[in-house]
Amino acid sequence: MEITEKIINIPLAPEVLWIMFAGVLSFFLVMTFIFHHHWKYYGIKGNQKVFARALFWVISVFLILLMILAILFFETI
Amino acid sequence: MIEFRENEHTIFEIRKHWFIIATELTILTFLAFLPLLIPQILESINIVVIFGESESFWSVFVFMYSFYLLMLWIIGFVFWTNYYLDVWIVTNQKILDIEQIGLFSREVSILHLERIQDITTETNGIVNTLVKFGDLHVQTAGQQREFIIHNVPNPDKIAKRVNEVLMKYKDNPSFSSDEI
């Protein structure tokens, strides 16, 4: 029996992904500011603050770079 | 920033049980893996999804998934910040009850040691009993107000420690209410 595949083509321009990226980046920057303010002024101490900051930035930057690479790849295909 | 008086020092801090934050982070971890099922589901029902003129699926999927993970990551830090900033600080003069509700609501109450009348603990439910966490109630004399910290680890032990602090510092004349 032949298996038929249904192909669904969703029209999506790279510009839409860039707009989404700009939105999430703005949200990320606002949240980063809020977190850093809270950690600094409301008493997260020494090593915990350094660790929280480092962990937050490393994973976030990795995900942001992954998003940029995915859009660039989508544009160049 | 919390500031203390000259003769004041922190004796210990009380935070919610780790089980509370672990539960929230476990749910987020589960949610993080959920979208990975999408390609398998599409394949099992013989549907091929492509995006735009490039007819690519994976680049858009990676973008959407990273987007989703970043949102979860931020939510995770909101949970952790709430957990970390929601604290009771027991000093030799008072108990500071700092309640962080979300990111934009923060309530700080001060309980002077000499006004504390009664400390009770409450543990309800199977999980709370097994993992050993519950609520700690502190009754104050002045306004007949009750302060509660929810989901503290080993509430009986903490109540005992608070009692020890009260016994040691409550009647110390150098920390009378006039000075505080």
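Since every read-out is calculated from the coordinates, none of them should be taken as a lab result. Model, not experiment: these values are computed from the prediction. Methodologically, a virtual Cβ is constructed for each residue, glycine included, from the backbone with ideal geometry; neighbour enumeration extends over all protein chains shown.
Hey, got the average number of other protein chain Cβ atoms within 10 angstrom for residues in B:38-51? Present the calculation step by step, with values, prior to reporting the outcome.
Numbers: counts 0, 0, 0, 0, 3, 1, 0, 2, 5, 4, 5, 5, 5, 10.
Per residue, the number of nearby Cβ atoms from other chains is 3 on average.
Could you check what % of the DSSP bridge pairs in the protein assembly as shown are antiparallel, to the nearest 5? Don't skip to the answer; put the middle values down first.
Values: 30 of 35 bridges.
Here the antiparallel bridges make up roughly 85 percent for the protein assembly as shown.
Partner chain Cβ atoms within 10 Å, averaged over the residues of A:24-34 - can you pull that number for me?
Details: counts 6, 1, 0, 3, 4, 0, 1, 8, 2, 0, 6.
Whole-number average of other-chain Cβ neighbours for A:24-34 is 3.
Taking just the C-alpha trace of the protein assembly as shown, give me its Rg and Dmax in Å.
Reported Rg and Dmax, both Å: 25.6, 92.
Pick from B:Asn163, B:Asn124, B:Asn151: which is most flexible by mean-square fluctuation in a GNM of chain B where alpha carbon atoms under 10 Å apart are linked?
With Cα springs under 10 Å in chain B, the top fluctuation among B:Asn163, B:Asn124, B:Asn151 is at B:Asn124.
Need one word for the stretch B:1-104: rounded, prolate or oblate. Basis is the Cα gyration tensor (sqrt eigenvalues a ≥ b ≥ c); a/c below 1.5 gives rounded, then a/b vs b/c decides.
Numbers: a/c = 6.50, a/b = 3.40, b/c = 1.91.
Cα axes put the stretch B:1-104 in the prolate bin.
Could you tell me which of rounded, prolate or oblate describes chain B, using a ≥ b ≥ c as the square roots of the eigenvalues of the alpha-carbon gyration tensor, with rounded for a/c under 1.5 and, failing that, prolate when a/b is larger than b/c and oblate otherwise? Mind showing how you got there, number by number?
Numbers: a/c = 4.57, a/b = 2.71, b/c = 1.68.
Cα axes put chain B in the prolate bin.
Normalising by the residue count of the stretch B:10-172, find the relative contact order in percent from Cα pairs under 8 Å and 6+ residues apart. Let's see the in-between values first.
On the way: 211 pairs, mean separation 36.5, N = 163.
Computed value for the stretch B:10-172: 22 percent relative contact order.
Please say if the stretch A:16-76 is rounded, prolate or oblate, where rounded means a/c under 1.5 for a ≥ b ≥ c the square roots of the C-alpha gyration tensor eigenvalues, and otherwise the choice is prolate for a/b larger than b/c and oblate otherwise? Spell out each step's value before the answer.
Details: a/c = 7.52, a/b = 2.23, b/c = 3.36.
Judged from the Cα gyration tensor, the stretch A:16-76 comes out oblate (a/c at least 1.5, b/c at or above a/b).
Rounded to whole Å, give me the distance from the Cα center of the stretch B:15-50 to that of the stretch B:90-133.
34
Given the options A:Val50, A:Ile19, A:Val30, identify the residue whose Cα lies farthest towards the positive end of the charge dipole of chain A (+1 on Cβ of Lys, Arg; -1 on Cβ of Asp, Glu).
Final value for the positive-end residue is A:Val50.
How do the peptides B:39-49, B:57-67 rank, highest first, by the average count of neighbouring beta carbon atoms within 10 Å per residue? If you can, show how the numbers build up before the last one.
Working: B:39-49: 11.5, B:57-67: 18.8.
Top of the packing list down: B:57-67, B:39-49.
Against the longest principal axis of chain B, how steep is helix B:58-85, in degrees 0 to 90 to the nearest 10, with axes from Cα atoms?
0
Where does chain B land at 222 nm, in deg cm²/dmol rounded to the nearest 500, when only DSSP H runs of n ≥ 4 count, each adding -39500 (n - 2.57), divided by all residues?
Numbers: 5 runs with 73 residues, N = 180.
For chain B, the value works out to -13000 deg cm²/dmol.
Please give the charge dipole size of chain A, origin at the Cα centre, charges +1 on K and R Cβ atoms and -1 on D and E Cβ atoms. Round to the nearest 20 debye.
Numbers: 5 positive and 4 negative charges, 156 e Å.
Here chain A has a charge dipole of around 740 debye.
Quick one: dipole size for the stretch B:102-148, taken about the Cα centre, charges +1 on Lys/Arg Cβ and -1 on Asp/Glu Cβ, in debye to the nearest 20.
Values: 4 positive and 6 negative charges, 25 e Å.
It works out to roughly 120 debye.
For the pairs A:Lys40/B:Lys168; A:Lys40/B:Lys157; B:Lys16/B:Lys94, flag any whose C-alpha to C-alpha distance is greater than 27 Å.
Numbers: A:Lys40/B:Lys168 33 Å; A:Lys40/B:Lys157 31 Å; B:Lys16/B:Lys94 19 Å.
Too far apart for the 27 Å limit: A:Lys40/B:Lys168; A:Lys40/B:Lys157.
Please state the charge dipole magnitude for the stretch B:10-172, taken about the Cα centre, from unit charges on C-beta atoms (+1 on K and R, -1 on D and E), reported in debye and rounded to the nearest 20. Intermediate results must be reported in sequence, preceding the final value.
Details: 12 positive and 17 negative charges, 130 e Å.
Magnitude of the dipole: close to 620 debye.
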